[in-house]
Structure formats: structure tokens, C-alpha cells
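Peer 1: Quick one: the structure is below, and I'll ask about it shortly.
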Amino acid sequence: MGSRLSSIARLTGAAAAAGVVAAAIALPAVGGTGAMFVSASEDLGLKARDLKEPPLAEKTTVLDATGKPIATFYEEYRENVKLDDIAEIMKTAIISIEDYRFYEHGPIDIEGTVRALAKNLTSGGIAQGGSSITQQYVKQVLLNSASTTKEKNAALEASYARKLNELRYAMAIEEKYTKNEILEKYLNIAYFGARAYGIEAAAKRFFGVKAADLTLPQAATLAGAVQDPLQTDPSRGKEFKERLLFRRNVVLDRMAELKKITPEQATEAKATKLGYKGTPLPGGCEASDYPYFCMYVRNEILSNPDFGKTKKARTQFLNRGGLTIQTTLDPKMQKAAELAIKKHVHASDNPVASEALVQPGTGAIKAMAASRKYGTNKRKNEMSYNLVADAVHGGGTGFQAGSTFKTFTLLTALKQGMKINDGISVGNGYRAPAYWSFKNCKGQNMGEPSFTVTNAEGGGGGFKSLATGTWGSVNTFFMALEQKVGLCNVVKTAKSLGIKRSDGLPLQEYETFTLGINEMDPVTVANAYAAIGARGKYCEPMAISSIKDRDGKVTNYKPKCKQALDAEVADAASSILSGVFTKGTMKGVGGIGRPAAGKTGTTDEQSTAWFAGFTPDLAGAVSIGDPRGAVTHKLNNITIGGRFYGSVFGASIPGPIWKDTMLSALKGIPATDFTPVNTARFGGCGASCQPQQVRPQPNNTDGGLDEAQIDTTVTH
């Protein structure tokens, strides 16, 4: 104890010589055997001050439905570990170089601090640290807790006020934790350089091993790195590696001096190369095998108040929370979608195909795929936004959905009591009888008598039932049907199934709503069709099934569903839409060997093309369009996937992609039948009906185009 008192006396003398107020150097003389406070002023009492210790930022891991990691998010790449999971040589190395009397002194090493402060007083600044590991831990906590630049600067400022505050906090830390607990916390919070926070991340980043497996040279390297990690960051180049190598050897010499290792061990370790591997950091969505799904998950958390009241809170939750996020992604179905798209559309093509698969009855997103890779390299034709999703989930403006929207008019007609064989006689063209023929949901007139909607090549007149009009995708029929059932009612049906514009703007409620003038994304369209497959049960799109926090607490997320349609209405629609494969626009493509239903969609003059279809087990939507601008870069006289197309229709590319996807994705899953139509209510026989009162219409489909005849437009 006498040596400590003499040290403090020398310190006091040095302070006086430098003209420093004695009260400013009150120090706790706390040793391993007791505590004694020495103060030069009654006014300045160094009392322990409780330190708030927010949880350390830890990486978040995203898993697919089978539990396989697919992405990692982090603000700081860190993996917390227990002290028992850190190699003993690592503990020895860090203590030897940073605080060799760590287990002997209290919150401050008097001898080290005396040396440092005396040097600082005579130099006029902070020339030496002299901080104990406990003090260094305090400093790191304050730095990690800082949320503003001002707070960060305060945690790092070269002042005695900051040093004294650290001492107060250190006293409380030493009262609260054992030495081993403090060492564990320090090794987990310390920054080692190369974007590695904590000893586990550093061991993996620097040497590709776990902290438990570090060797003597490796441990000495990491122990040397903590002093000035920016200047010894081996990822920055040769000069920095040389500095780190020098620091490693300093640590080895110190360990030998303290007899923690033999001189021979030090010499042998110093003879080894640095051995820095630069193991790649786990990446975010850009490094994921499933970038579009990854982006959906990331943006779901950042935009959903369920995960935090503010965007800042949600960002911290994702990037700092140390979460394990279980998702709905099915790797088998994802692969099926990717291979189907690759078969028909090349990554180098200007048009882009994208597809989403959704499970009816849950809304679980099973796959999200596109023909182009995600990234910012324009030379590689990469896409920098989420092609498969809406703007909220990282997507863009989407593509007009075309005649896939006719399904919502069909549903509305069935809801209003029309039977399968009920219909309307239509001509080759359709004009609104008057401005008030259509009213949007604000009650505004939407009819435009001067505008004529046509079918291709003058065809398409005659009587069309709900079934035959749907199978032929007859524009004039659906315009007349929409007029009959009410534009606003059709809009309400679409909205009840989750339909909203991809760009987030309000739906355009013009009389051509049924022809699919609104820009959509595959997730939204697939999910709407999934509700029909679930007998009218609509569920919000769902990508996250559970989240486990850093403490092991698991929160499960259940589907958010509602009965949006009368189940029998959905059954009748499914029956009619099943006929699209046998009697309609997909006849040339064919079915999938199990009950399925769907609708093609082609927009005016082939700007974009779609197919949306479903079974009771899985729904999917496929779109294709040119992201440079679908209206100005139409899908006519174009080569896609190595094949030339005079014109691209819904059954040209999207339909075959959907078919190939479903054949593979549903392999091994028992087929489920649709519920039969209640014929007492809807009459008719749906897909088994034979067309009546209908003369051949070879060019009567989407946008006035003949999707049923698409095979004649394709050459190899």
C-alpha cells in the first residue's frame, strides 16, 4: 500500500508543478485486496457511477424455410461469444499487452495511470493511455452508445474530465462484474480492424477460425491490433500489414518478458508469416443467392411498424439486433422458378421476366425470381431494384397487368348473381354509351364515348358468356361486363384481394380498369390469385415466419387473413379460369397435369405480357417487360431467350414459364382438386362447358390480340 501512496504523491507533485488544480487528479487507489480513496479536494469525490450498457450490435441472420442461411445484415459484424469459447492464449495475449496486472488491481491501475498522467502533464496533452481493460471497456460502451457526432466526439475527446468520468464508470463496472465477466465483455466489444467487431468476428475475418481455435501468433496479432485498429488494418494494404506484423511481435516480446511464453516460443511465433486471410464478410442482399426475396424481407422490416415505431428503431432492430429470421422461402420452389425463367429469358435480354410464388391460404411467399441478377453493374445488365415486388419492398413502378385484371370483373359478376353461361352480345368495338356509363369510387364519370376499345383484326363480335368471354379474353365483352356490374364494384373486388399499384399511388379507376391499365408487381398479382385458389380467403403477403432475438426468445408470425370472397364465388371463378388451359388462350401451352386455373394478360400493342395462375396448393404470377420503358420498348419483332417473336403475348413467354415452374415446384406434392361449382347457384358447367352461340374468333384476346394463336408467332 505504501508504494501506491508514494505513487499518488509523485502524481500530485507532478500536477502541482504543471499548475493543475489538485482536485482534478483525485484518484481511486483500489487494489485487489481492498479500496482506498485519495482525494485532494473535499469538493471532488470520485464515486461509482452506473454505466448504461445497451446491447452490442450483432449480426442478423436470415434463413430460408429449411433453416439454411440466405443473408446477413449488420451495422457491425460481430458475434458475441462466452469467455470459455475464447482460446486461453488469446486471453493471455490481450492481458499481457493491454493490462498485465488486470487481475491484481481495481478499476484503475495506479502505477500505469501515474506513469501516463505524469507524462501527459509534462507534454501538455494526452500522450499515453495507461487505461485498464475495465476503463477501455467503459470507453467502448460510451462510443457504441453514442448516436450523434457530438456524443462520439465526447467519448473520444482528450480531456481529464472524460478520463475521470471513465474512472467513475469503471468503479461501478468492477463492483457489478467479476474480472472474467469484464474480460469477456471487453473482448466482445473491441474493434480489431478490417470491419471485425469482437474477438469471434476478428478470428474469422483475419484467420478463418473461431476464437476458440486461435494459435499463439494469431492471438498476438489480434492483441496487437486493438491499440490502433485503423492504422494496423490488414485489409488496407501492405503498409498496414507491416504495422500489424510489428505490433504482433511487440506483443510476443511482452508475453515473453512477462514469462507467459518462453523466449523460444516467441522466436518461433515471430518467424511465422502474418497469415491474414481476409475471409469475406457475410454480405447483405447483394451477396445472397436470393437477392430479390432478401430485399423483400429487409424492406418488410424497415417499413412495418410491427418491428419498431420509427424507421430508425426498425433499422437498429434489423442491423444491430442479433436476430435469426426464419422466412417462408422454399429453396425447391425458388430453384424451379429460376430455372424456368432461365429457360425462356436470358439475363442479357433487354426485356426482364420476373415471377413470384405464393401459397394459397397463408400468403406465404415461396419464391421470387427474375431473369437478371441484382446489382449495380450496368455492363452485366444487372438490376438495382426489386423486380418482383412493389416499391415498399424495394421495387419500382412495375408493369401494366393487362388482362389478368379481367378476373376481377368476372368475380364481381359472379358476386352479383350472374351464372356461368350468362353473358352479353358484343360487337367488334366498344364505346361507352355516355360519359356517365362508368363511375369511379368517388362517383366521378369515367366514360369516354369518343374512345373505342377493339378486338384484333375486326373480330370478336357475338354473344359471350362469362366462360367463353373469359377463355377468349374478349376486350369488348369485358368492357360491357364492367359497365353492367359497375366500375367501382370491380375496383372494390380487386382491392379486397390486395390489389394496389406497385408504385404506391392510388389505383387508376378509369373505364379501362378491367383491361389492366395499372402497373403491378408479381407478388401482388400472385397473392390476389392465391386468394381465389384458397376459396376466397385472402392473406396478406408473408415473408417472415418467425424471429428469434439475441436472448433466444422466439416470436412466431401467423398469416393475416380474411374471407374476401364468398367461397362459392371463388369456386365458380376457378372453374371458369380452368378452361383457359383447355379452351382458351393457354390451349397451345397446355396444363400441368393437375387441377389449375389462370389468366393470360397482354397490354396494348404488346408493351408487357403476364400470366397469373393457381392450384389449391400454389399460385404464381409471371411478368415480362422492358425496364427501359415498356411503352416505348414493346415486345414486337424481338429476340428473347434466343428465340424470335413477332409479338409476345401472355401465353408466349409468361405462360410457359409458369407451367415449367409449377411442374417442378409441385413435384412430389399430392394434387388437390378444386371444390366443384354449386350448379344450383351458378348453373353451367365451367371448364367442361362446350361453347354455345359463339362463332370462331381467331383474333379475340387481350388488348385486341390473339393469345390463343401465339404459337404461329414464334420461330426458333
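Peer 1: Please report, in debye to the nearest 20, how large the charge dipole of the chain is about its Cα centre when each Lys and Arg carries +1 at its beta carbon and each Asp and Glu carries -1 there.
Peer 2: It works out to roughly 160 debye.
Peer 1: Right, another one. How big is the antiparallel share of DSSP beta bridges in segment 549-628, given as a percent to the nearest 5?
Peer 2: Here the share of antiparallel DSSP bridges comes out near 100 percent.
Peer 1: Of all beta bridges DSSP finds with both residues in the chain, what is the antiparallel percent, to the nearest 5?
Peer 2: Counting only bridges with both partners in the chain, antiparallel ones make up about 85 percent.
Peer 1: Next question. Could you work out how far apart the two model spin labels at N445 and L143 are, taking each label as a point 7 Å from the Cα in the direction of the beta carbon, and quote it in nm?
Peer 2: Calculated label separation equals 7.2 nm.
Peer 1: Local charge sum around R681 (other residues, Cβ-Cβ under 13 Å, Lys/Arg +1, Asp/Glu -1)?
Peer 2: Surrounding charge for R681 is -2.
Peer 1: Something else now. Accessible area, 1.4 Å probe, largest first: how do E448, E75 sort?
Peer 2: E75, E448
Peer 1: Could you calculate the FRET efficiency of T632 with K343 from 1/(1 + (r/R0)^6), where r is the beta carbon distance between them and R0 is 22 Å, rounded to 0.05?
Peer 2: Between T632 and K343 the formula returns 0.20.
Peer 1: Still on this model: Cα gyration tensor of segment 500-547, axes a ≥ b ≥ c as square roots of the eigenvalues: rounded (a/c below 1.5), prolate (a/b > b/c) or oblate?
Peer 2: oblate
Peer 1: Leaving ligands, DNA and RNA out of it, rank D673, D660 by accessible area with a 1.4 Å probe, largest first.
Peer 2: Accessible-area ranking of D673, D660, largest first: D673, D660.
Peer 1: Within the chain, what whole-number % of the accessible surface is contributed by carbon and sulfur, with the 1.4 Å probe and all protein chains included in the calculation?
Peer 2: Carbon and sulfur atoms account for 51 percent of the accessible area of the chain.
Peer 1: Give the residue list of GluC sites (Glu not before Pro) in segment 336-407 that are DSSP loop and have at most 16 other beta-carbon atoms within 10 angstrom.
Peer 2: E382
Peer 1: Give me the number: length gained by fully extending S664 to R162, i.e. 0.36 nm times residue separation minus the C-alpha to C-alpha distance, one decimal in nm.
Peer 2: 174.3 nm
Peer 1: Tell me, what is the per residue accessible area of the chain in Å², probe radius 1.4 Å?
Peer 2: 42 Å²
Peer 1: Sticking with this one: Provide the convex hull volume over Cα atoms per residue for segment 258-386, in Å³.
Peer 2: 221 Å³
Peer 1: So between T262 and D85, what do we pick up on full extension, going 0.36 nm a residue minus the alpha carbon distance?
Peer 2: Here the segment from T262 to D85 would lengthen by 61.3 nm.
Peer 1: Would you please classify the overall shape of segment 434-493 from the alpha carbon gyration tensor, given that a ≥ b ≥ c denote the square roots of the eigenvalues, rounded means a/c under 1.5, and beyond that prolate means a/b larger than b/c while oblate covers the rest?
Peer 2: Since a/c reaches 1.5 but b/c is at least a/b, the shape of segment 434-493 is classed as oblate.
Peer 1: Okay, moving on. Sort Y538, Y276, Y385 by heavy-atom solvent-accessible area, probe 1.4 angstrom, most to least.
Peer 2: The residues order as Y385, Y276, Y538, largest area first.
Peer 1: In segment 149-190, which GluC sites (Glu not before Pro) fall in coil by DSSP and have 13 or fewer other Cβ atoms within 10 Å?
Peer 2: When the GluC sites (Glu not before Pro) of segment 149-190 are filtered for loop state and at most 13 Cβ neighbours within 10 Å, E157 remain.
The values are calculated or read from the model by the stated rules, or taken from the named source; none is laboratory data. Because the structure is predicted, anything quoted here is derived from the model rather than measured. A quick note on method: Cβ atoms are made from the backbone with ideal geometry, for glycine too, and the neighbour counts reach across all protein chains shown. Areas reflect the complete protein model, heavy atoms only, side chains present, ligands, DNA and RNA absent. Shrake-Rupley method; radii C 1.70, N 1.55, O 1.52, S 1.80 Å.
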